[in-house]
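> Before I ask anything, here is the structure I am working with.
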């Protein structure tokens, strides 16, 4: 946890700032293990993750207060959050795919391994072009895919990643290199001052949360007046969704946020793929929104945000000098050709995430001599056959492109 960011956190109860009471392990500005203190409570930092679970904190503070060597109690402390089996998997040196298949059920493991082939990914990625730079909150970050992407596409920004699942945050730190991680339940008061964030992203999460009205108010409390909130890939209660959560109707989502607009994700995707634009200048038609399986909401007092954005593909590939093959593709050699074949991990995954527009072509055949040609790479980047490289996560066809 970045020690400079700790100074900006506030206790959800007394609303006072924290000080670092005890340092057990620190690597430059990264507080790996330690204790934070405010005027009413103490909170622990475990593996760089600030924990806001008061019940666990009471026990952990006792353990960590009397210790001077974090390495000696590390495994003991982690047992409060992680089973021995999961601890060993995460720290075994195994691949990302192997680890998540140990930690989670197959359905969710597939979702994480093939995250960059999920509809929720494509429903959200166009909004990157208009996100406000600065301090960004990834609310419900899961294993850290979007936190990592935002840190690469917006390197001048600082990303704060929040989730209530400690194991997911541990994976985000170990595999995606995320440092500013907070473990807390978003149904409670957020540990941030008013007007803290330039951007808040909540992707494929809001429909699973219980107290939506309260969380919407907390988002609006902690966003700067010039900032923007992106609630992307919202399940629409008017349509059927796999793993639906507790979705609302479109007008019910909109009623929770002032200065907000709703967009049909089907329309967003068509514009992105066919026209290379993001059009926030007008709301989608009510009929399109109601008939869309998923929708997105954008909330901002900055009227200049709501405009057309052009040349989206340029934004992405100009920031992608290196690339790797999307892991949903299998590579086959056929003489002088390389064949990339789309391979969904299950029928359920395909039904939930198959796209209506032609990203991720079923079959790509390339002459070996043209495999790394600039024109080929740019075309496949635009189709998301090639994606941002994550060396610990993706292992195939990692290379560079002078784009």
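A short reminder: the numbers here are calculations on the coordinates, not readings from a lab. Since we're looking at a predicted model, the values are computed, not measured. For neighbour counting, all protein chains shown are included, and Cβ atoms are generated from backbone atoms with ideal geometry for every residue, glycine included.
> How big is the gap, in Å, between the Cα center of region 111-182 and the Cα center of region 205-255?
Each part reduced to its Cα centre gives a spacing of 18 Å.
> Taking R0 as 60 Å, what's the FRET efficiency between residue 39 and residue 94 from their Cβ-Cβ distance, rounded to 0.05?
Calculated value: 0.90.
> Convex hull over the Cα atoms of region 71-157, averaged projected area in nm²?
Mean orientational projected area (region 71-157, Cα hull): 7.5 nm².
> With axes computed from alpha carbons, what is the tilt in degrees of helix 166-176 against the longest principal axis of the chain, rounded to the nearest 10 within 0 to 90?
So the helix axis and the longest Cα principal axis differ by about 60 degrees.
> Over the alpha-carbon set of region 114-313, divide Rg by the Kirkwood Rh and report the Rg/Rh ratio to two decimals.
With Rh from the inverse mean 1/r over Cα pairs, Rg/Rh is 0.93.
> Same structure, new question: Determine one quarter of the surface area of the Cα convex hull of region 3-81, which equals its mean projected area, and express it in nm² to one decimal.
4.7 nm²
> I would also like to ask the following. Return a whole-number percent for the relative contact order of region 114-313, with Cα pairs under 8 Å and 6 or more residues apart as the contact set.
20 percent
> If you average 1/r over all unlike Cα pairs in the chain and invert the result, what Kirkwood radius do you get in angstrom?
22.2 Å
> Take the Cβ-Cβ distance between residue 79 and residue 332 as r, set R0 to 51 Å, and report the resulting FRET efficiency rounded to the nearest 0.05.
It comes out at approximately 0.70.
> Give, in nm to one decimal, the length gained when the segment between residue 68 and residue 54 is fully stretched (0.36 nm per residue of separation minus the Cα-Cα distance).
Answer, rounded to one decimal: 2.8 nm.
> A further question on this structure: On average, how much area does the Cα convex hull of region 69-110 cover when viewed from any direction, in nm²?
Directional mean of the projected Cα hull area for region 69-110 stands at 3.2 nm².
> Which of 266, 370, 138 comes first, and how do the rest follow, when ranked by fewest Cβ neighbours within 10 Å?
370, 266, 138
> Turning to a different aspect of this structure: What is the angle, in °, between the Cα long axis of helix 212-222 and the longest principal axis of the Cα atoms in the chain? Nearest 10 is fine, range 0 to 90.
The angle comes out near 80 degrees.
> To the nearest 500 deg cm²/dmol, what mean residue ellipticity at 222 nm is calculated for the chain from DSSP H runs of n ≥ 4 alone, each contributing -39,500 (n - 2.57), summed and divided by the residues?
One gets -8000 deg cm²/dmol as the mean residue ellipticity at 222 nm.
> P(r) tail for region 106-176, what percent of Cα pairs lie past 19 Å?
In whole percent, the share of Cα-Cα pairs in region 106-176 beyond 19 Å is 32.
> I need 45, 162, 339 ordered by Cβ neighbour count within 10 Å, fewest first.
With the fewest neighbours first, 45, 162, 339 line up as 339, 162, 45.
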